[in-house]
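The numbers here are math on the coordinates, done by the rules we state, and not lab data. Remember, predicted model here, so these are calculated numbers, not experimental data. Don't worry about glycine lacking a Cβ; one is built from the backbone with ideal geometry, like all the others, and counts go over all protein chains shown.
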Amino acid sequence: MTRRNELVLAAIGALLVLVAATLLLVRPTRQATADANTQRDTAIGESQALRDQIKALEALKPKEAELKAKASLAKAEFPATPALPALVDALQDAASLSGVDLGTVAPSTPKASTTSPLLAEITTTVNVSGGYFEIQDFLVRLENLVKGSDPGRIEPRSMLIDSVNLTSASEARPATPRRPPRTVRPPRTSSAEASS
């Protein structure tokens, strides 16, 4: 080999080493720089969102007392725990005051509300028996549980009556021979399903 060939080979080798060094050193640095720029842009966006949130909260500061009062009212309407014994007590009180007999109370497991996921929902099936007007009075008393019948003993709670099924007492019980027309008719029974 001549000296010239050796120089050409050395130049080609140096060029290959330079290209390899560029690929091994510069490319990862470029990728790290691009990642750092992305993180910086994300941090700037988050910082701006936090500044906007701070401005919104500062705008609400003059209404703080009013908002806290509304929050405490809402908190009182929606108990933090299911309070099932209190629900049964409230149902029994409403039944006693309206003159119906409370049969069964079958609450389901609490779950997130389908209409408002921040609230809990307890679907409860309630069976009562009594006359039409007594059952109507019972349903009105259920709707008024939001106010609380005895706030010292039973906390007020929100109640939504989803459906009501009324069954005639003659349909609910086996047929019995008819009595003379002057006797009193048997009371009607009802099954009411409510969410609390």
### Task
Using packing as a proxy for protection, rank 15-22, 95-102 so that the peptide with the highest average count of other Cβ atoms within 10 Å comes first.
95-102, 15-22
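If you build the convex hull over the alpha carbons only and average its shadow over all orientations, what do you get for the stretch 3-63? Give it in nm² to one decimal. Don't skip to the answer; put the middle values down first.
Working: hull surface 18.0 nm².
For the Cα atoms of the stretch 3-63, the hull's average projected area reads 4.5 nm².
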### Task
Against the globular-protein guess of 2.2 N^0.38 Å, express the Cα radius of gyration of the stretch 1-107 as a ratio, rounded to two decimals.
2.88
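Magnitude of the Cβ-charge dipole of the stretch 1-145, K/R +1 and D/E -1, about the Cα centre, nearest 20 debye? Kindly include the intermediate steps, with their values, before the conclusion.
Numbers: 14 positive and 16 negative charges, 306 e Å.
In total the dipole reaches around 1460 debye.
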